[in-house]
Structures are given as structure tokens and as C-alpha cells.
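Right, one structure below, let's go through it.
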Amino acid sequence: MQPPQTAPSEDETGDTGDKGFVSDYLLYLLAAASEAASAQFHVHVRAHGLRVPEWRVLAWLHDRDGEMITRLARISLIEQSRLTRIIIQMEDRGLVTRKGDTSDRRRVRVHLTDTGRQIAERLVTDARAHESALLAQLEGGDGARLKPALAALLARLDPDRQTRGDPDS
């Protein structure tokens with residue numbers, strides 16, 4: 001896996017220093033930063049034979065094995081019926097198993113297999129290293145402030161996360 005690359009200089013981008021609306025718009029900056037950082041790691045994920053939604057499922061189950069597909073769809077940023085098909089494919093490949101919930105048979109919970117857990121552990125370790133390298137590129141303590149600031153923003157935008165058991169709640 002390659003370490004995160006530094007952003008191009010102003011000369012490489014052709015930027016004259018004048019900030020327009022989009023280049024200074026928070027939502028653009030969040031999306032563009034996420035896309036650039038994710039693209040680097042997703043190359044690594046695909047090299048391990050996984051698609052991005054599969055990686056997200058494995059990473060979530062790494063911490064919370066036995067999750068329901070509804071919550072996995074939300075955390076994977078994918079529509080539930082599409083994720084159900086992906087989960088079935090992952091089950092066919094021996095990465096996960098689906099089991100009925102013991103308290104409510106209408107619910108299906110997804111569990112890592114030994115193979116899925118091994119892949120998840122390796123990729124979570126790699127993702128942590130990638131994140132550390134990424135945050136180290138920020139100066140003046142910005143890296144240490146970025147995650148808590150984003151978590152606080154997300155909590156304000158989606159206060160129901162705490163009752164759903166989503167990350168950082």
C-alpha cells in the first residue's frame with residue numbers, strides 16, 4: 001500500500017489563488033478530501049479482491065460482529081436491497097454468514113467467518129496506518145482536531161445516531 005500523497009501545489013493545479021465559491025465550500029471540501037483519501041485506500045482494498053462496500057461491511061463487523069443488514073446498509077452508504085445481494089455474494093465467498101436473530105427470527109444478522117475476520121483484521125490495520133499517514137500531513141495539530149470536529153458536526157446533523165448505535169455515538 002502506498003502512503004497518502006501530498007496535495008498538488010498551486011502551480012500544478014493552475015490555481016491563481018483566487019477562491020471561488022466551490023473551492024472554498026465546506027461540502028465540496030469534505031467530499032473532495034474524502035474522495036481523494038478514500039481512493040488511495042480503495043486501491044489497496046481492491047488489491048485484496050474486495051469491492052468498497054464489502055470492505056465497509058468487513059470493517060464494521062470487525063468491531064460489531066452480528067450486525068443487522070439494515071445498519072450495515074447505513075454504515076456502508078449503500079441501499080439495503082443492493083447490500084443484501086452483496087452480503088449473499090460475500091457469504092458465497094466464505095467471508096460472512098447470515099443467521100437468524102435469536103430474539104426475533106424475522107431479523108437476519110451478519111457474522112464474519114474466520115476467513116472474513118482475517119481479511120478484516122489485516123485491512124483494518126492497514127486502514128489505521130493509512131489514516132495516521134494522512135493525518136500526519138496536516139500541520140499545527142489540525143490532524144488531532146479534525147476527527148473530533150467532524151464527529152461533533154455529524155452528531156449535530158444526525159442526532160439519532162446515538163440511538164442507532166452508529167460509530168462515534
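Summary table below
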item: Some residue of region 36-47 being closer than 28 Å to V22 by Cα, assigned to a helix (DSSP H, G or I) and in contact with a Phe, Trp or Tyr (Cβ under 9 Å, 6 or more places away or on another chain); result: yes
item: Options A152, A129, A144; residue that is in a helix (DSSP H, G or I), among the hydrophobic types (A, V, I, L, M, F, W, C), under 16 Å from the mean Cα position of the chain (by Cα) and exposed (fewer than 15 other Cβ atoms within 10 Å of the Cβ); result: A129
item: Residue in region 76-103 that is nearest to the chain's Cα centre (by Cα), counting only those that are part of a loop (DSSP other than H, G, I, E, B) and over 22 Å from A39 (Cα atoms); result: L95
item: Condition check for R122: assigned to a helix (DSSP H, G or I), at pLDDT 95 or above and either within 29 Å of L26 (Cα to Cα) or over 16 Å from the mean Cα position of the chain (by Cα) (or both); result: no
item: Neighbours by Cβ (under 7 Å, 6+ apart or cross-chain): first from region 70-83, free of Cβ contacts under 8 Å to residues at least 60 places away in the same chain; second outside any helix (DSSP H, G or I) and of a type in the set (A, V, I, L, M); result: L72/V110
item: Region 61-75, residues that are assigned to a helix (DSSP H, G or I), among the charged types (D, E, K, R) and surrounded by 14 or more Cβ atoms within 10 Å (Cβ to Cβ); result: R71, R74
item: Some residue of region 49-58 being farther than 28 Å from L154 by Cα and of a type outside the set (D, E); result: yes
item: Of the criteria (1) modelled with pLDDT under 90; (2) surrounded by 12 or more Cβ atoms within 10 Å (Cβ to Cβ), which one R105 fails; result: (2)
item: Positions within region 104-119 being part of a helix (DSSP H, G or I) and either in contact (Cβ under 8 Å) with a residue 24 or more places away in the chain or more than 19 Å from G66 (Cα to Cα) (or both), in sequence order; result: G116, R117, I119
item: All positions within region 26-60 that are hydrophobic (A, V, I, L, M, F, W, C) and loosely packed, with under 13 Cβ neighbours inside 10 Å; result: L26, L27, L29, L30, A31, A39, V43, A47
item: Odd one out for K99 among (1) surrounded by fewer than 17 Cβ atoms within 10 Å (Cβ to Cβ); (2) out of contact with any strand residue (DSSP E or B) (no Cβ under 9 Å at 6 or more places or on another chain); result: (2)
item: Search result, residues across region 125-168 that are at pLDDT below 90 and closer than 18 Å to R56 by Cα; result: R161, R164, G165, D166, P167, D168
item: Number of the condition not met by V43 [criteria: (1) under 29 Å from L29 (Cβ atoms); (2) in contact with a helix residue (DSSP H, G or I) (Cβ under 7 Å, 6 or more places away or on another chain); (3) β-branched (V, I, T)]; result: (2)
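The values are calculated or read from the model by the stated rules, or taken from the named source; none is laboratory data. This one's a predicted model, so the numbers in the text were calculated from it and none came from an experiment. So basically every Cβ, Gly included, is an ideal-geometry build from the backbone, and we count neighbours across all protein chains shown.
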